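Novice: Can you keep this structure in mind? I'll have questions shortly.
No lab work stands behind these numbers, since they all come straight from the coordinates. Predicted, not measured: the structure shown is a model, and the values here were computed from it. Cβ: placed from backbone, ideal geometry, glycine included. Neighbour counts: every protein chain shown.
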Amino acid sequence: MAKYTGPVCRLCRREGQKLFLKGDRCYSKACALERRAYAPGQHGQGRKKVSEYGRQLRTKQYAKRYYGVLEGQFRRYFAKAEKMQGQTGENLISLLESRLDNVAYRLGYGSSRAQARQLVTQGHIYVDGKKVNIPSYLVKVGQTVCVKEASRSLDLFKNITEATASRPIPKWLEANKGAMEAKVVAVPTREDAGLPIEETLIVELYSK
């Protein structure tokens, strides 16, 4: 499967907004966007007039990179969101929020979504007591997500949970930090995601 393997800070600079791809570094002065708040490349500092299509494209790219999904995956999520009741844009964000790698990140089981995705792939995350190593798995209301019991004592998880202790947990997840587990108590909403984008631009882009 094709994936981006270059410097991730370059992606934040291209979008002009933080994607929080480097964990704690994104909150510090070492963040590349703090030091060079312009697009990468020799023309990055030039002023460009952005067309409506350009706004739509950048919004879609931001959402893709924020959640770490590829174009094909993103289109499939959009197609599924269109078939659901309600607003397509809000449905799309809800589906992306429901991904297991994102849930693990929201619960503090990873300093970044990339790390949370890796931990899911390695089998450290369980759903309803069973190992699920598919990052794109969509959690449902009533399910329980937890760290594998044998993994809870690892220094890796101790360091991660200490570093993410102050991270707020969304209201649609009822977490027990001591037991390293949480229950999905509601469907994630657009407000829960807190994304600085207009998802209607994505709908307009794919509706052409």
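Novice: Can you tell me how much longer the chain between ILE169 and ARG55 gets when fully stretched, taken as 0.36 nm per residue apart minus their C-alpha distance, in nm with one decimal? Walk me through the numbers on the way to the answer.
Specialist: Numbers: separation 114, 0.36 × 114 = 41.04 nm, distance 3.02 nm.
The span from ILE169 to ARG55 would gain 38.0 nm if fully extended.
Novice: Of LYS60/LYS183; LYS131/LYS171; LYS60/LYS130; LYS60/LYS158, which pairs sit farther than 28 Å apart, going by alpha carbon to alpha carbon? Provide the component values of the computation, followed by the final result.
Specialist: Numbers: LYS60/LYS183 30 Å; LYS131/LYS171 24 Å; LYS60/LYS130 33 Å; LYS60/LYS158 35 Å.
Over 28 Å apart, Cα to Cα: LYS60/LYS183; LYS60/LYS130; LYS60/LYS158.
Novice: Still on this structure: Taking a ≥ b ≥ c as the square roots of the Cα gyration tensor eigenvalues, with a/c under 1.5 meaning rounded and otherwise prolate when a/b beats b/c, else oblate, which class fits region 100-186? Could you put the intermediate results ahead of the total?
Specialist: Values: a/c = 1.37, a/b = 1.13, b/c = 1.21.
Taking the square roots of the gyration eigenvalues as a ≥ b ≥ c, region 100-186 is rounded.
Novice: To the nearest 20 Debye, how big is the dipole of region 100-186 about its Cα centre, given +1 on the beta carbon of each Lys and Arg and -1 on that of each Asp and Glu? Intermediate values should be presented prior to the final figure.
Specialist: On the way: 13 positive and 7 negative charges, 31 e Å.
Using only the charged Cβ atoms, the result is roughly 140 debye.
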